[in-house]
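Notes to accompany the following structure.
The values are calculated or read from the model by the stated rules, or taken from the named source; none is laboratory data. On a predicted model such as this, the values are computed, not experimentally measured, just so you know. All Cβ positions, glycine included, derive from the backbone under ideal geometry; neighbour counts span all protein chains shown.
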Amino acid sequence: MNTVNSDETFLNTFYTHIVCRLLFGIIATMVTTPLILSFLFMIFKATHEDIYRMLIPVIIATILIIKLLNFCVKIITQNIIVTRQHVLVNSGLINKKSMEITPKKIESITIKQGLLGQLFNFGNIEIKGLGGTLDIINFMYSPFYIKEMIQKLIIQDSLNHVK
């Protein structure tokens, strides 16, 4: 993942809302526990006929649960790092994803916030770069503050280039 260089001025790091991180952690635990128990049952208690009958549903369930866990880990590990020169968006633990964009290449920042997001101050942030690059960061805490900080960075960067 990208890190902040020693010559860059660090401004702030933003994370997923704590309620969302806890919720996705609980969901991941609740979904994986029955799967592990069913595997243990299948290995130690089931007959050969039971194993063949349960094999395809267990494989399908395993694939779906891995997809869900991948999504949960992405949500739990994502963050936005704002420096004076860059905006860094990082996510993932095993499948790491990182986007680095300079302020002058940011075309738009869109906030999407539902009713729960308005109540608990979290929302989705879409950062669109020049050339169509789009990164969506889900369930970020205080999305309007993040947008305001990035917009100030864009304005400051454009003023520095005018001088």
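Worth pointing out:
- Looking across Ser91, Ser98, one residue alone is modelled with pLDDT of 80 or more and touching a Leu at 6+ places or on another chain (Cβ under 9 Å). It is Ser98.
- Residue count for region 12-56, restricted to those that are of a type in the set (Ser, Thr, Tyr) and part of a helix (DSSP H, G or I): 5
- Matching entry among Ala61, Ala28 (being surrounded by 15 or more Cβ atoms within 10 Å (Cβ to Cβ), more than 24 Å from Ile136 (Cβ to Cβ) and not basic (Lys, Arg)): Ala61
- Residues of region 129-160 that are part of a helix (DSSP H, G or I), of a type outside the set (Val, Ile, Thr) and within 14 Å of Ile106 (Cβ to Cβ): Lys147, Glu148, Met149, Gln151, Lys152, Leu153, Gln156, Asp157, Ser158.
- Top-ranked residue of region 124-143 - restricted to ones that are within 16 Å of Ser91 (Cα to Cα) and free of Cβ contacts under 8 Å to residues at least 60 places away in the same chain, ranked as nearest to the chain's Cα centre (by Cα): Ile137
- Given (1) at pLDDT 90 or above; (2) loosely packed, with under 13 Cβ neighbours inside 10 Å; (3) within 30 Å of Ile26 (Cβ to Cβ); (4) not charged (D, E, K, R), number of the condition Gly123 does not satisfy: (2)
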